[in-house]
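The values are calculated or read from the model by the stated rules, or taken from the named source; none is laboratory data. This is a predicted model, so every value here is computed, not measured. Reconstructed Cβ throughout: ideal geometry from the backbone, glycine too, with neighbour counts over all protein chains shown.
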Amino acid sequence: MAMAAENEEQANATQLDKQIVTATRSNESLATLPYTVQVVSQDQIALQAQAGVDLGTVLGRLVPGLAPGDNSATSYYQSLRGRKVLVLIDGVAQRTNKNVSRELTSISTANIERVEIVSGASAMYGAGATGGVINIITKKGQDEEPVFKTEVGMTTSTENTDDDQLAYNVAQSVSGKKGKLDYYLGAAFDSRGHFIDSHGDQIATDPNQVGRDNTDALDLMFNGGYQISSTKRFTVGAEYYNEEMDTDYAADFGDPDAQLLMLPEGFLGAGGLYNPQPKDGLNMSQQPSSERKSLTLNFTDQNFLGQALTSQLNYRSGDYYYYPYYGTPLYLDTNWQAVNQAVTQAYTDSLMAGDDAATAGANASAALTPAYLGNSQAKSSITQSRIETEAIDLKIALDSQLDVGERTLSLTYGLDYIKDSGKQTSTEYDYDKWFDSDQLNYVETGNIYQAGPSAESETVAAFLQTAYPLTDQLTLRAGIRHEYIKVEVDDYTSGEDVMNAEVYSSQLSDTDLQALAALSGMTAAQLLGALTAGTAAALNAEDFITYSDTVTIREGGEEEFSATLLNAGLVYDFNTQQQMYFNFSQGFTVPDMARLLRSVSVFSDVNEPGPVLDSTNVDAIKTDSFDLGWRGQFDTIQAQASLYYNVSDKYTHFDKVTGVVELRDQTEKVWGFEGSINAHLTDNISTGATYAYTYGETETETNGWEALPVDRISPQKITSHLTYNNYGSFSVALQMLQMLDTDKAHKDNVANAEFEGYTTFDLLTQFALPKGQVGIAISNLANESYQPLYNQVRAYPSTGASTDLPAQGRTLSVNYSIEY
């Protein structure tokens with residue numbers, strides 16, 4: 001399943017004997033599990049990461065059903081089997097009620113021992129795992145004597161060797177045991193410069209989910225353990241991660257059209273003509289960043305009333321900034337004096353032409369709208385999102401072994417409790433100063449608005465998981481979990497409402513507007529409202545422009561969700577070398593409530609504003625998942641294959657034009673195939689390949705069944721490798737990643753993007769030195785010019801499309817590591 005060789009011990013190990021903890025919350029042999037499971041080792045991670053890529057990109061190369069990473073700050077688009085994946089760190093679910101989606105990028109690969117991936121819907125760790133679970137296992141102390149490890153590295157583009165595009169990494173760790181104590185202390189620092197494309201040009205930073213160019217990242221980790229007795233153990237884990245962008249280059253949003261500005265075929269240009277370029281001279285005091293803190297306490301007792309007890313308490317918090325972005329409201333900044341003069345001139349000209357007063361008045365009224373449009377400049381708001389999260393997580397599980405007949409029944413049961421809170425705010429920047437500076441000068445106005453209501457959720461769950469060998473060859477696993485989630489939402493004042501009201505109420509005192517209103521027999525508010533509504537209708541822009549001079553406080557509330565989730569699976573052993581398995585499991589997720597409710601504003605109101613929870617569809621999503629698979633471990637060949645199908649009765653829809661997220665009551669189904677094979681051709685030469693095919697569709701009210709877009713369903717993915725490993729001295733691996741073209745979703749709905757496939761090659765080498773080891777990696781060996789998957793599909797006006805952002809060209813990385 002790996003794309004490059006591991007060390008000799010790992011190469012000779014039996015894959016099916018590997019012990020994993022993710023699938024059942026207790027140590028189990030992979031061969032006994034009715035799931036598609038993959039274990040990515042420390043050596044595999046280190047080999048891939050020496051090319052300067054993050055964990056999301058590493059796993060996208062190694063895990064067949066996982067969508068590819070793109071080395072950005074987010075893993076939002078990395079679906080597993082077409083659905084969301086739940087990320088754990090040492091068994092702690094990283095989800096909160098704000099879906100930040102930076103879990104796979106906010107940890108250094110230098111601190112990771114291995115990663116376990118369980119594909120398919122799962123409820124074992126609660127809500128959020130409708131596509132599967134990725135459990136990141138961090139390093140612990142193992143050897144009796146202290147072991148120090150130092151790693152240093154550098155990455156450069158081969159097409160542009162300027163100093164400001166270089167990337168550096170350094171990591172230092174120490175681990176060991178002393179008596180009953182064991183410890184691991186690690187620190188990793190990464191500094192990245194410009195990203196360079198295949199033509200040697202700097203790539204503009206991604207203003208959507210944030211690029212990782214020109215960033216500095218620090219990851220500090222401590223894991224300590226104390227063996228209280230032969231059966232009792234206490235451990236503590238602490239981590240601090242911080243990544244900040246520090247660049248002088250702005251993201252260029254293009255040249256605004258003075259009249260249409262951000263409208264679908266205005267600001268960005270008809271047909272997607274946006275072509276972002278980096279701009280020197282950025283002035284932004286708070287650049288995009290990620291900060292994460294975590295503290296975990298574990299206590300285990302292998303003989304607690306004849307059972308094995310596992311308990312875990314975790315506290316974690318996060319603070320995340322995004323790139324400033326456009327959004328509603330859009331408005332027309334009007335020179336009312338010029339409008340009044342034009343209307344007065346029309347009235348005067350009509351009288352001078354011999355018209356009577358009534359006719360002159362009619363001519364003046366007819367001149368009002370053209371004068372209004374001709375003396376107005378389209379403007380927008382520009383704000384920066386900040387998300388703050390905090391969570392407390394408590395887990396208690398017991399593992400029992402009972403004799404039933406002549407066989408052993410395994411029981412794992414327990415309770416989970418999670419309390420987490422999240423809020424999102426928008427810091428406003430001065431639009432005029434930003435616009436006049438050619439999009440370089442971000443000056444805060446001092447206004448901070450709500451970007452969705454603050455929310456707090458509590459989760460209580462009880463679960464039972466069983467395993468029983470029905471025969472010597474057939475094992476049954478089954479389980480049940482009941483989960484209850486309560487979400488409390490605060491009263492909410494939409495930032496869009498506030499900004500919209502500020503824009504229009506400030507104009508009502510204009511004496512020229514008041515004079516025009518009196519001439520029309522209206523109040524200033526009535527005239528401005530009528531002109532705004534007429535303009536919005538004429539431009540087909542009601543979703544972007546609306547008149548409101550008041551602000552509504554929308555009442556918060558409480559929602560409760562509960563679900564009983566089942567799983568059952570069979571594993572049949574043909575012999576010690578191969579098994580077949582079938583599994584049914586259910587997953588459960590509550591969408592990001594604040595994100596759903598963020599779009600509730602004067603722009604979405606149909607009737608009078610009411611409680612915020614009544615303003616949009618809010619519900620949980622339950623997914624049924626089926627998996628039929630086979631795996632085998634032979635003398636020189638490892639292989640596995642699986643067919644899967646999953647279905648849900650709801651669908652989270654993101655409108656790429658308006659930026660609105662809504663939950664739709666429509667069926668969504670996904671099916672596909674995954675396969676992998678690895679073969680040792682000789683003692684030193686191995687080869688392998690993976691293939692993944694996923695297809696999904698949803699049943700719409702108007703068009704029937706439509707293919708799901710590529711940002712949800714990854715295109716077909718093929719990987720392969722050819723590796724030579726002279727164990728202990730030298731290894732070299734040539735690997736390929738191929739993404740195939742697809743236009744299925746585009747044919748069903750032209751709003752969905754087509755995808756143009758690409759093929760990349762990487763060369764990874766390692767050399768043993770008398771002291772230490774050197775790794776040399778060349779990524780994108782052929783210097784392929786292409787756009788990553790999500791830069792082709794995630795284009796929407798409200799945050800400045802990242803369409804046309806190219807991928808990095810060929811890079812050369814050199815790394816040195818030593819243990820002592």
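Please count how many residues of segment 624-662 are of a type in the set (A, V, I, L, M, F, W, C), modelled with pLDDT of 90 or more and assigned to a strand (DSSP E or B). Matching residues across segment 624-662 total 8. Among the residues of segment 383-420, those that are of a type in the set (A, V, I, L, M, F, W, C), farther than 30 Å from ASP497 by Cβ and under 31 Å from the mean Cα position of the chain (by Cα) comprise ILE392, LEU394, ILE396, ALA397, LEU415, ILE418.
For SER198, the requirement of being hydroxyl-bearing (Ser, Thr, Tyr) and out of contact with any Lys or Arg (no Cβ under 9 Å at 6 or more places or on another chain) is not met. Restricting the search to strands (runs of 3 or more DSSP E) fully inside segment 374-469 and requiring at least 3 residues that are buried (at least 19 other Cβ atoms within 10 Å of the Cβ) and modelled with pLDDT under 90 gives 376-404.
Exactly one residue out of LEU789, LEU737 is at pLDDT 90 or above, closer than 28 Å to ASP213 by Cβ and not β-branched (Val, Ile, Thr), and it is LEU737. Contact map, segment 524-537: first residue free of Cβ contacts under 8 Å to residues at least 12 places away in the same chain and under 16 Å from ASN500 (Cα atoms), second residue surrounded by fewer than 17 Cβ atoms within 10 Å (Cβ to Cβ) and not charged (D, E, K, R), Cβ cut-off under 8 Å, separation 6 or more or different chains; pairs are ALA530/MET522. Checking each residue in segment 762-780 for being buried (at least 19 other Cβ atoms within 10 Å of the Cβ) and touching a Leu at 6+ places or on another chain (Cβ under 9 Å) picks out ASP762, LEU764, GLN766, GLY775, ALA777, ILE778, SER779.
Filtered by the rule that a residue be free of Cβ contacts under 8 Å to residues at least 60 places away in the same chain and within 20 Å of the chain's Cα centre (by Cα), segment 189-213 gives a lone residue, ASP213. Candidates in segment 158-188 are the residues that are of a type in the set (Val, Ile, Thr) and not in a loop (DSSP other than H, G, I, E, B); of these, the one that is nearest to ARG233 (Cα to Cα) is VAL174. Summed over segment 757-777, residues that are within 16 Å of ASP197 (Cβ to Cβ) and of a type outside the set (Phe, Trp, Tyr) total 1.
For segment 684-709, filtered to residues that are over 23 Å from the mean Cα position of the chain (by Cα) and more than 30 Å from SER731 (Cβ to Cβ), the residue that is surrounded by the fewest Cβ atoms within 10 Å (Cβ to Cβ) is THR702. For segment 19-62, taking the residues that are touching a Gly at 6+ places or on another chain (Cβ under 9 Å) and of a type in the set (Val, Ile, Thr), the one that is surrounded by the fewest Cβ atoms within 10 Å (Cβ to Cβ) is identified as VAL21. Here the condition is being surrounded by 20 or more Cβ atoms within 10 Å (Cβ to Cβ), polar (S, T, N, Q) and within 24 Å of GLY224 (Cα to Cα); of SER350, SER294, it holds for SER294 alone.
Could you tell me whether any residue of segment 787-800 is of a type in the set (Gly, Ala, Ser), closer than 24 Å to ASP54 by Cβ, out of contact with any Ser or Thr (no Cβ under 7 Å at 6 or more places or on another chain) and buried (at least 22 other Cβ atoms within 10 Å of the Cβ)? Yes, segment 787-800 contains at least one residue that is of a type in the set (Gly, Ala, Ser), closer than 24 Å to ASP54 by Cβ, out of contact with any Ser or Thr (no Cβ under 7 Å at 6 or more places or on another chain) and buried (at least 22 other Cβ atoms within 10 Å of the Cβ). When LEU681 is tested against (1) buried (at least 17 other Cβ atoms within 10 Å of the Cβ); (2) closer than 30 Å to GLY772 by Cβ; (3) of a type in the set (A, V, I, L, M), only condition (1) is not met.
The set of residues in segment 110-134 being of a type in the set (S, T, N, Q) and at pLDDT 95 or above consists of ASN111 alone. Exactly one residue among GLY495, GLY479 is under 26 Å from the mean Cα position of the chain (by Cα) and of a type in the set (Gly, Ala, Ser), and that residue is GLY495. Entry remark, segment 510-544: residues being closer than 29 Å to THR425 by Cβ and surrounded by fewer than 17 Cβ atoms within 10 Å (Cβ to Cβ) number 1 in total. Checked against the criterion of being under 17 Å from ASP762 (Cβ atoms), within 18 Å of the chain's Cα centre (by Cα), part of a loop (DSSP other than H, G, I, E, B) and without any contact (Cβ under 8 Å) to a residue 60 or more places away in the chain, the candidates GLY69, GLY56 yield just one match: GLY69.
Filtering GLU103, GLU113 for residues that are within 11 Å of the chain's Cα centre (by Cα), closer than 30 Å to VAL236 by Cα and not hydroxyl-bearing (Ser, Thr, Tyr) leaves a single hit, GLU103. Restricting to segment 96-109, and then to whatever is of a type in the set (Gly, Ala, Ser) and on the phi < 0 side of the Ramachandran plot, can you tell me which residue is modelled with the lowest pLDDT? In this case the residue turns out to be SER106. Regarding segment 798-807, can at least one residue be identified that is touching a strand residue (DSSP E or B) at 6+ places or on another chain (Cβ under 9 Å), aliphatic (A, V, I, L, M), at pLDDT 90 or above and in a strand (DSSP E or B)? No; the residues of segment 798-807 include none that is touching a strand residue (DSSP E or B) at 6+ places or on another chain (Cβ under 9 Å), aliphatic (A, V, I, L, M), at pLDDT 90 or above and in a strand (DSSP E or B). Could you please let me know if THR155 is within 30 Å of GLN277 (Cα to Cα), assigned to a loop (DSSP other than H, G, I, E, B), touching a residue at least 60 places away in the same chain (Cβ under 8 Å) and touching a Gly at 6+ places or on another chain (Cβ under 7 Å)? It is false that THR155 is within 30 Å of GLN277 (Cα to Cα), assigned to a loop (DSSP other than H, G, I, E, B), touching a residue at least 60 places away in the same chain (Cβ under 8 Å) and touching a Gly at 6+ places or on another chain (Cβ under 7 Å). One residue is enough: does segment 748-756 have a residue meeting the conditions modelled with pLDDT of 95 or more, buried (at least 17 other Cβ atoms within 10 Å of the Cβ) and farther than 19 Å from THR74 by Cβ? No, segment 748-756 contains no residue that is modelled with pLDDT of 95 or more, buried (at least 17 other Cβ atoms within 10 Å of the Cβ) and farther than 19 Å from THR74 by Cβ. Report whether or not ASP549 is surrounded by 18 or more Cβ atoms within 10 Å (Cβ to Cβ), in contact with a Phe, Trp or Tyr (Cβ under 9 Å, 6 or more places away or on another chain) and at pLDDT below 85. So ASP549 fails the test.
THR155 meets the stated requirement of being crowded, with 17+ Cβ neighbours inside 10 Å, over 28 Å from GLY91 (Cβ atoms) and among the β-branched types (Val, Ile, Thr).
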